[in-house]
Amino acid sequence: MTVQSLIADAVSQSADSAQDILEWHPSKGESMKALAAFVLVPLALGQVVGILSATQIAGWYKGIRKPAWQPPAIVFGPVWSLIYTIMGVGAWQVWKHGGWAAQQDVLALWVFQLIFNLLWNPLFFLKHDMALALFDIGALWSLIVVLIGAFWRVEPSAAYLQLPYLAWVSFASVLNYTLLKLNTVPAPKNRTA
């Protein structure tokens, strides 16, 4: 074999692989397994993080100052469960357009924002670092906006599914900021004699 024939063979194989990705369609079984994974993994991880924070929510969080407009604690679990579900359905819709191979960048972005999502809870409830949690949720908000744009280019309905997530994180950001302001002790003024 000559170098030219090796290059021609490699180019041909690459073209065949690219065509396979473009023509890839998951079987119904693969698709349902992927849907279950995209929905259940965030739900399970969110549940674990929630369980780890439960004692702090019942103790430390109960004792801090809160705005009158904060929803009751019972609202947060169901809302996050719904959010994680629609996040997963949106990612699955993107995945159906060629799987991980074709949508690697978009799905990696989805995983990355999920990490920021899951980090907020321990930063706020376990470390009691409202400022760092505010930074995290601000970064998360930005990632969600980018994710919506990335999803839109692949599957517009997947992007639409992220809008309630963006709305809830917007609300949570304002709540985080308000809690930080209400519970930050001002530095004593330096008085000179």
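Counting only residues that are open to solvent by 60 Å² or more (accessible area, probe 1.4 Å) and farther than 21 Å from LEU147 by Cα, the range 165-182 holds 3 of them.
Please enumerate the residues belonging to the range 128-156 that are part of a helix (DSSP H, G or I) and in contact (Cβ under 8 Å) with a residue 60 or more places away in the chain. Let's see the steps before the verdict.
Going through the range 128-156, the residues part of a helix (DSSP H, G or I) turn out to be 130-154, 156.
Selection gives PHE151, VAL154.
For the range 36-95, the candidate set comprises residues that are open to solvent by less than 30 Å² (accessible area, probe 1.4 Å) and hydroxyl-bearing (Ser, Thr, Tyr); within that set, the residue that is modelled with the highest pLDDT is TYR84.
Got a sec? Which of LYS62, LYS66 is part of a helix (DSSP H, G or I), farther than 23 Å from MET32 by Cα and of a type in the set (Lys, Arg)? Give the derivation first.
On the way: LYS66 fails: part of a helix (DSSP H, G or I).
Just a single option satisfies the conditions, and that option is LYS62.
The residues listed here are ASP136, ASP129, ASP105; of these, the one that is of a type in the set (D, E, K, R) and open to solvent by less than 30 Å² (accessible area, probe 1.4 Å) is ASP136. Please specify each residue of the range 75-128 satisfying the condition of being over 19 Å from ALA167 (Cα atoms) and polar (S, T, N, Q). GLN93, GLN103, GLN104 - these are the residues of the range 75-128 that are over 19 Å from ALA167 (Cα atoms) and polar (S, T, N, Q). Scanning the range 96-120 for residues that are closer than 20 Å to LYS181 by Cβ and at pLDDT below 95 gives no hits.
The values are calculated or read from the model by the stated rules, or taken from the named source; none is laboratory data. Not measured: the values here are computed from a predicted model. Here Cβ is always computed from backbone atoms with ideal geometry, including for glycine, and neighbour counts include all displayed protein chains. Protein only, heavy atoms only, side chains kept; ligands, DNA and RNA dropped before computing areas. Shrake-Rupley method; radii C 1.70, N 1.55, O 1.52, S 1.80 Å.
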